[in-house]
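The block underneath contains the structure these notes are about, expressed in structure tokens.
Please treat every number below as a calculation from the coordinates, not as lab data. Fair warning: this is a prediction, and the values are worked out from it, not measured in the lab. Here Cβ is always computed from backbone atoms with ideal geometry, including for glycine, and neighbour counts include all displayed protein chains.
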Amino acid sequence: MHCVAFLVTDGDNLQWALGDFPDYFNHPARGSFSMGWALPPSLADLAPSALQWFYANASNGLAKDFFVAGPSALGYMYPSRYPLAIWSVTPGASTTSRPGPICASRR
């Protein structure tokens with residue numbers, strides 16, 4: 001069995017999600033086949049009404065719109081370049097100077 005995924009993405013580009021992206025999302029062919037759309041996770045904090053608009057207008061028939069998070073946050077940085085003092089570490093996690101993205105969060 002082979003599977004194919006169609007995904008439109010510009011990573012975590014907030015400007016694109018609020019600019020040209022709606023033109024792609026509103027294309028007349030949307031809804032004729034299932035499609036994945038990458039949206040920046042920062043929309044939840046910086047433009048929650050825009051994120052809600054995408055969810056409210058998603059195709060939900062035989063062909064569906066699916067949403068995935070674009071790469072962002074710790075994926076774009078090098079934790080080893082930051083002093084340990086700026087990180088809060090999950091209790092029980094490693095306290096080395098290189099916290100991993102699962103156990104570390106920016107204060």
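Looking only at segment 1-59, count every residue that is under 10 Å from Gly70 (Cβ atoms) and among the hydroxyl-bearing types (Ser, Thr, Tyr) and tell me the total.
Count: 2.
Please specify each residue of segment 21-63 satisfying the condition of being among the polar types (S, T, N, Q) and in contact with a Gly (Cβ under 8 Å, 6 or more places away or on another chain).
Scanning segment 21-63 gives a single hit, Ser59.
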